[in-house]
Structure formats: C-alpha cells, structure tokens
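Only one structure is covered here, and it is reproduced in the block below.
A short reminder: the numbers here are calculations on the coordinates, not readings from a lab. These figures come from a predicted structure and were not determined experimentally. Positions of Cβ are generated from backbone atoms using ideal geometry, with glycine treated the same way; all protein chains shown enter the neighbour counts.
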Ligand code: AMP
Ligand code: ZN
Ligand code: FE
Ligand code: FE
C-alpha cells in the first residue's frame, strides 16, 4: 500500500450477471463498476453461458481486479429448481460444453412454447421481439417478461412473472434441466468449484431438513454455500454459516447483480445490504489456490 492510501478493506462479489444472460451491464462495464466500488475479487456468473468470461478477465487484468471465470446453472431437486454456481473455471471441459448445449436446446424448445401460450391467451407478442431483447445467446423468461412489460401487459418484470411466467402461472412451460451431480461434475471437470446459490431461498420447511438437504448436495459434489446474499435474512445467514461450518462447506458471497433488471441490488453487497469483505471468502481463495488480491 502507498503511504497516502487509506486501508479500506477490499470487497468480493462472486455472483454477477451481464448482458450475456439477463443482466443489463456488459462484462466489460461490470468489471469497471466492480473496480470503482472497491471490489478486489469478482466472478461473472451468467446463466448457462461462459461467453462473457474472457472479455471480463481481460478488462480485470488491466484494472488489477481478480475476476474468476464462472456461470450459474439451474438444476432439478426435490424442492424444485435450485441454482449451482461454478466458480473459478480453469478451462472449458467437453462435459461442460455438452451440458450447456443440452440446456440451450431446452431453452430453444421451451421459449416459443411460452410465447405460443401467451398468444393463445390473447396477448400480442412475438419470439422476434423477445430475441431482440437478449444481447447474448441466452434467451429466457426474463426477456419474455421484458417484452410483456414493453407491451404494457405487466407493470414490471416481477408482475410479468407473477401473472404469466411462474411455475403456477398461465403461460409457464417447463424446460430441461440437469440433475445436481451432472452440473457439479461438469463444473469440477473444468477446474471450478460448484457452489449452491442463494440456499436461503429454497422453500425448505425447517432447519433440520435444510441441513439434511445441503448434506445430500455435498455428497453430490456441491462444495460451497453462498451464505452472504442480499435476500437472506440475518437469521438465515447465521443458520447457513453454522451449517457450512458443520458440513465443512466453503462459504461464499455474492450480490446476484443484474443491473437495471434487479433494482436496488449493488455489487459487493450481500446479506441485509452489508458489504461482502474479501476476507469472508478466503476459504474459496485457498481452495482455488489463487494469490490474494491486494491494493
Ligand atoms: P429461465 O432460466 O429462462 O427459466 O428464467 C429463470 C430466471 O428468471 C431466474 O434465474 C431469474 O433471474 C428470473 N426470475 C425467476 N423468477 C422471477 C421473478 N418472480 N421475478 C423476476 N425474475 C425472476
Ligand atoms: Zn438472472
Ligand atoms: Fe439464481
Ligand atoms: Fe444469479
């Protein structure tokens, strides 16, 4: 540290979306924003794609930020769809490539079926306009939600989900999702660490069941838990810390930043909007065996 610099601790954010999936900020701009916010360690975790990683890493190297390659994969579980982050990918294994292809086929098959259902319900919407709203290859329900908002069929994305796109809503169509082990193996195969995203949002009835479920996920290759997360309550955060400790799982933290698509969420902020200190994710840094970033 230079003599005139104050020792403000660096932050971390291991869950960031960009325009490659359903975020509104490009990979390049995401890294610049992280840098300005004092984030020393970050990960780009777009849904089902690694396309933004190379550009982000290149920008990060120039700015002195450590940017991990990553992604987020939705998988099946007995509690519905849950999300697995892959953090610190070292290469792109054939297994991961095949898995992402399969997921992409599932999306291509599902999206037009949702649009068809909406048309049958009397809404004027086309697959072309949905496609135009996606900047990258990944097209999903958030883009359909945006199209519905643009056409004033819903006030905002949350309402569009509630009215049309949630599992219990009128235009919902299932898409193919892998099993936990398939996603975890594909991530590990690529040198990354599989981490369960926002574990506190999974609708699990009680603490005992939560612990059993997380234990089961660990046996299927999920090595970490995203404990520090904006919509976790302080109680949930404490509960997850204790489970992570008991099950010897890696603790991580991330904001799930989506730019304007998730108003009120800022990079580097986790549970209750508190900063995610770099030190909080030291076990991930140690497991990946990467040098700790410093100012
Ligand atoms: P898809 O993978 O295309 O089925 O879309 C799932 C994504 O939609 C999730 O990862 C979220 O980013 C977003 N999403 C799911 N539920 C909601 C909701 N109720 N409001 C806003 N966005 C949502
Ligand atoms: Zn998203
Ligand atoms: Fe998620
Ligand atoms: Fe996410």
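At a glance:
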quantity	calculated
Residue list for the range 256-273, restricted to those being in contact with a strand residue (DSSP E or B) (Cβ under 7 Å, 6 or more places away or on another chain), within 13 Å of ligand 1 (Cβ to nearest atom) and either assigned to a loop (DSSP other than H, G, I, E, B) or without any contact (Cβ under 8 Å) to a residue 12 or more places away in the chain (or both)	256, 265
Condition met for residue 240 (in a helix (DSSP H, G or I) and crowded, with 18+ Cβ neighbours inside 10 Å)	yes
Among the candidates 252, 287, residue that is more than 19 Å from residue 81 (Cα to Cα), assigned to a strand (DSSP E or B) and in contact (Cβ under 8 Å) with a residue 40 or more places away in the chain	252
Test result for residue 75, over 24 Å from residue 260 (Cβ atoms) and in contact with a strand residue (DSSP E or B) (Cβ under 6 Å, 6 or more places away or on another chain)	yes
Residues that are more than 28 Å from residue 154 (Cβ to Cβ), outside any loop (DSSP other than H, G, I, E, B) and in contact with a helix residue (DSSP H, G or I) (Cβ under 6 Å, 6 or more places away or on another chain), drawn from the range 76-129	84, 86, 95, 96, 99
Residue that is farthest from ligand 1 (Cβ to nearest atom), among those in the range 154-179 that are over 18 Å from residue 80 (Cβ atoms) and surrounded by fewer than 19 Cβ atoms within 10 Å (Cβ to Cβ)	170
Selection from the range 200-237 of residues that are within 16 Å of ligand 1 (Cβ to nearest atom) and either surrounded by fewer than 17 Cβ atoms within 10 Å (Cβ to Cβ) or over 26 Å from residue 39 (Cβ atoms) (or both)	201, 202, 203, 231
Scope the range 20-63; condition without any contact (Cβ under 8 Å) to a residue 60 or more places away in the chain and within 14 Å of ligand 4 (Cβ to nearest atom); matching residues	44
Search result, residues across the range 227-255 that are more than 18 Å from residue 214 (Cα to Cα) and in contact with a strand residue (DSSP E or B) (Cβ under 7 Å, 6 or more places away or on another chain)	230, 254, 255
Top-ranked residue of the range 130-143 - restricted to ones that are part of a helix (DSSP H, G or I) and in contact (Cβ under 8 Å) with a residue 24 or more places away in the chain, ranked as farthest from ligand 4 (Cβ to nearest atom)	143
